[in-house]
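Following: one structure in structure tokens, then a few remarks.
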2 protein chains.
Amino acid sequence: MTPIRVAVDAMAGDRGSAEAVAGALEAATDRIEPILVGPDGLDTGGLELIVASQVVAMDEKPAEAIRGKPDSSLVVACRVAGAGGADAVVSAGNTGALLAAGLLHLRRLPGVFRPALAVVVPTERGPSLLLDSGANADARAEHLLQFAHMGSVFAEEILDRPRPSVRLLSIGEEPEKGNRLTLEAHALLAEAELNFGGNTESRHLLSRAADVVVCDGFTGNVCLKLLEGTIMAVLEALRESVSSTPRGRLGGLLIRPAARKVRSRLDPETYGGAYLLGLRGLAVKAHGNSSRRAIANAIRLAARGVEHGVVERLQERLPARVATSAGGRLGP
Amino acid sequence: MTPIRVAVDAMAGDRGSAEAVAGALEAATDRIEPILVGPDGLDTGGLELIVASQVVAMDEKPAEAIRGKPDSSLVVACRVAGAGGADAVVSAGNTGALLAAGLLHLRRLPGVFRPALAVVVPTERGPSLLLDSGANADARAEHLLQFAHMGSVFAEEILDRPRPSVRLLSIGEEPEKGNRLTLEAHALLAEAELNFGGNTESRHLLSRAADVVVCDGFTGNVCLKLLEGTIMAVLEALRESVSSTPRGRLGGLLIRPAARKVRSRLDPETYGGAYLLGLRGLAVKAHGNSSRRAIANAIRLAARGVEHGVVERLQERLPARVATSAGGRLGP
């Protein structure tokens, strides 16, 4: 069986190329072949290198970065994947730039207005998909409807959830609670061919959220970062409090395996990255502060997406769904 | 010294009037005199009762509820405070209805476009104010500027922070990261007479957030509920994991005091409620799922606001600030 080739942007992320290379080496198996995209002479530990002479910084404006830096690692990785030289792309870089490069070189799936960043959140009863978690800061109600359809197909095909439940993230479970965007989106979702269960509140994201939770990219990104920050802050506060007394330190030693298990289940690095759904190719955005572990997990996530044919499943099923549920208004 | 009279809506909150009465009794001291507003015959344990025959439900539309139920406990509590019969109002009810009743009976401070719900978040380096945490689901950039000014006055006067730091909640620290609203608000805040430190991300809300963090009410409410839900989910996951082995159970016993301390510091019931800033009277929204402890803390919060003259300080300092920093565009 031909291994799955994943183009890894070695110049993105806050921790530098050595960490990206280490992550790629960790993910490499008979089945997964990471290809590094970075500067000439990069020590890849034996992995294939595709040379790219430029780097997109985290704070660059996406459109300008893509236009002005056609030979950046991010753009080259997407171009290689778009031309068939790789099956998927992984980057820990600038989300907006990844989206722009993806739109340019992987291109949109027919019928899709806006790609969405879909992140798998580890809830008590298994994974739950949150989207858009940051591809588009502003969204319209029709976009949220598409996100729901894309998330639904993804959950069905990849997370093995028949008839996945979908909820809209808002500030109250009643349909009339929310902002203008969620009120409009609720009405569209309620009429769509989806297993729509109404609004959910952010307090349920880690407990009994739906299979698919839909929101605009600003709200989703705020949620994702707050989840990460709060989980780490609570565990750290507990560690400090416990280690402040001898009795606590002894107890801390005893609960260490249990605490590690919880930390590992909830750690954002465990899921490693988010799928950019809605493109003709597969792109995974790894965490910006990516450790080698997170990069390795993002590469594995990308490979799993290729194996399950995420793009093909979306391509087969999405346009019909979108056209049906929106009465033609959103047809391809 | 005359005690501070706090009108407590006894019919709001998910836990019923007995819990509200218990909270009021817990908060009652020589200094604080809770007055219960509820149905005739309510057992108040000796506290003063103001009779109100109607109840606003959590899912009622605010404007209709206020118009249709002039004799509801929520409206009566606000009317009593507006007429000088109480120094402050506490309700665990429908936020929108509290806002509507507050606007009607307490009225807006001169120069204020929209009141904001300001909640004190317990960060590692002390309290930090998050507003708007849910009074207005939709907001314009000028509203966020006003929220920053109100929060700043509050932090200076009540939290004793000279020249409080202000940040805008967004999805990146760079000024150009965000949605349309935050991009516009960033520009206004940068020009204002505030100690504005730029954008902050939600991941820092519990760690190194600013003295005042500003956002629209939808985002703030999502953050508040996610903080609560995540803190509880992490502690609960840890408790379950720890108690699944004999070794863990022993360790759990040993760390119990340390864990309780963390839980108590982070528990939303500890801060109990949120101030509705921008009205001529003082209103505190208690947590919807209010326990007696949360109600008691909300009453104490209201009393502290009265003692510190929150409303008077805002009234003195707000219109000038707003008019100055917005170049007259937002003058009273």
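Quick grid of which residues meet (1) under 17 Å from the mean Cα position of the chain (by Cα); (2) more than 28 Å from B:I35 (Cα to Cα); (3) buried (at least 23 other Cβ atoms within 10 Å of the Cβ):
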position	(1), (2), (3)
B:V75	no, no, yes
B:C78	yes, no, yes
B:G85	no, no, no
B:A88	yes, no, yes
B:T95	yes, no, yes
B:T123	yes, yes, no
B:V153	yes, yes, no
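Residues that are at positive phi, in contact (Cβ under 8 Å) with a residue 60 or more places away in the chain and buried (at least 16 other Cβ atoms within 10 Å of the Cβ): does the range B:19-42 have at least one?
Checking the range B:19-42: not a single residue is at positive phi, in contact (Cβ under 8 Å) with a residue 60 or more places away in the chain and buried (at least 16 other Cβ atoms within 10 Å of the Cβ).
Among the residues of the range B:102-116, what is the count of those that are assigned to a loop (DSSP other than H, G, I, E, B) and surrounded by fewer than 23 Cβ atoms within 10 Å (Cβ to Cβ)?
6
Give me the pairs: first residue in the range B:83-101 and among the aliphatic types (A, V, I, L, M), second residue part of a loop (DSSP other than H, G, I, E, B), beta-carbon distance under 6 Å, and six or more apart or on different chains, which are they?
Pairs that qualify, where the first residue is among the aliphatic types (A, V, I, L, M) and the partner is part of a loop (DSSP other than H, G, I, E, B), are B:A92/B:A12; B:A92/B:G13; B:A92/B:G288; B:A92/B:S290; B:A97/B:V56; B:L99/B:A135.
Quick one: A:A298 ticks every box in (1) within 26 Å of B:L238 (Cβ to Cβ); (2) modelled with pLDDT of 85 or more bar one, so which box is it?
For A:A298, the exception is condition (1).
Can you tell me which residue within the range B:203-218, out of those that are within 7 Å of chain A (Cβ to nearest Cβ) and within 18 Å of the chain's Cα centre (by Cα), is farthest from A:M232 (Cα to Cα)? I'd like the intermediate steps shown before the answer.
Just the residues of the range B:203-218 that are within 7 Å of chain A (Cβ to nearest Cβ), to begin with: B:203-207, B:218.
From what is left, the residues that are within 18 Å of the chain's Cα centre (by Cα) are B:205-206, B:218.
Working: B:L205: 12, B:L206: 10, B:F218: 24 Å.
Looking at residues that are within 7 Å of chain A (Cβ to nearest Cβ) and within 18 Å of the chain's Cα centre (by Cα), I get B:F218.
Select from the range B:292-306 the residues that are surrounded by 21 or more Cβ atoms within 10 Å (Cβ to Cβ) and β-branched (V, I, T) and list them in ascending order.
Within the range B:292-306, B:I295, B:I299 meet the criteria.
Take A:L194 and tell me if it is farther than 27 Å from A:G93 by Cβ, away from every other protein chain (no Cβ under 11 Å), touching a Leu at 6+ places or on another chain (Cβ under 6 Å) and not aromatic (F, W, Y).
No.
Is it true that A:A274 is among the aliphatic types (A, V, I, L, M), surrounded by 24 or more Cβ atoms within 10 Å (Cβ to Cβ) and more than 7 Å from chain B (Cβ to nearest Cβ)?
Yes, satisfied.
Taking only the range A:54-84 into account, find how many residues are touching a strand residue (DSSP E or B) at 6+ places or on another chain (Cβ under 6 Å) and of a type in the set (D, E).
1
The conditions are (1) over 16 Å from A:L282 (Cα atoms); (2) in contact with a Ser or Thr (Cβ under 8 Å, 6 or more places away or on another chain), and A:K61 fails exactly one of them. Which is it?
Here A:K61 clears every test but (2).
Kindly establish whether A:S264 is more than 7 Å from every other protein chain (Cβ to nearest Cβ), among the small types (G, A, S), without any contact (Cβ under 8 Å) to a residue 24 or more places away in the chain and farther than 30 Å from A:G85 by Cβ.
On the way: more than 7 Å from every other protein chain (Cβ to nearest Cβ): yes; among the small types (G, A, S): yes; without any contact (Cβ under 8 Å) to a residue 24 or more places away in the chain: yes; farther than 30 Å from A:G85 by Cβ: yes.
Yes: the conditions hold for A:S264.
For every residue, the table says whether it meets (1) within 14 Å of chain A (Cβ to nearest Cβ); (2) in contact with a helix residue (DSSP H, G or I) (Cβ under 8 Å, 6 or more places away or on another chain); (3) among the β-branched types (V, I, T).
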position	(1), (2), (3)
B:A18	no, no, no
B:D30	no, no, no
B:L49	no, no, no
B:A52	no, yes, no
B:A57	yes, yes, no
B:A63	yes, yes, no
B:G68	no, no, no
B:V76	no, no, yes
B:L130	yes, yes, no
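For A:R5, state whether it is part of a loop (DSSP other than H, G, I, E, B), surrounded by fewer than 24 Cβ atoms within 10 Å (Cβ to Cβ) and in contact (Cβ under 8 Å) with a residue 60 or more places away in the chain.
no
Return yes when B:V90 is closer than 15 Å to B:A302 by Cβ and either assigned by TED's automatic domain parsing to the domain that holds B:S264 or not in a helix (DSSP H, G or I) (or both) and no when it is not.
The answer is yes for B:V90.
From the list B:R167, B:R180, B:R161, B:R140, pick out the single residue that is in contact with an Asp or Glu (Cβ under 6 Å, 6 or more places away or on another chain) and more than 9 Å from chain A (Cβ to nearest Cβ). Show your work before the answer.
Details: B:R167 fails: in contact with an Asp or Glu (Cβ under 6 Å, 6 or more places away or on another chain); B:R180 fails: more than 9 Å from chain A (Cβ to nearest Cβ); B:R140 fails: in contact with an Asp or Glu (Cβ under 6 Å, 6 or more places away or on another chain).
Of the residues listed, the single one that is in contact with an Asp or Glu (Cβ under 6 Å, 6 or more places away or on another chain) and more than 9 Å from chain A (Cβ to nearest Cβ) is B:R161.
Scan the range B:219-234 residue by residue and report those that are over 19 Å from B:L117 (Cα atoms) and more than 7 Å from chain A (Cβ to nearest Cβ).
Scanning the range B:219-234 gives a single hit, B:M232.
Select from the range B:30-79 the residues that are in a helix (DSSP H, G or I) and farther than 22 Å from B:L301 by Cα and list them in ascending order.
Within the range B:30-79, B:P62, B:A63, B:E64, B:A65, B:I66, B:R67, B:G68 qualify.
Checking the condition closer than 19 Å to B:Y275 by Cα, in contact with a Leu (Cβ under 6 Å, 6 or more places away or on another chain) and not aliphatic (A, V, I, L, M), which residue from B:G96, B:G82 passes?
B:G82
Determine if the range B:157-164 includes at least one residue that is assigned to a helix (DSSP H, G or I) and touching a residue at least 60 places away in the same chain (Cβ under 8 Å).
The answer is yes; a qualifying residue exists.
Which of the residues that make up the range A:215-252 are free of Cβ contacts under 8 Å to residues at least 40 places away in the same chain, polar (S, T, N, Q) and buried (at least 24 other Cβ atoms within 10 Å of the Cβ)?
Within the range A:215-252, just A:T230 meets the criteria.
The values are calculated or read from the model by the stated rules, or taken from the named source; none is laboratory data. Since this is a predicted model, take the numbers as computed values, not measurements. No Cβ is skipped: glycine too gets one built from the backbone with ideal geometry, and neighbour counts run over all protein chains shown.
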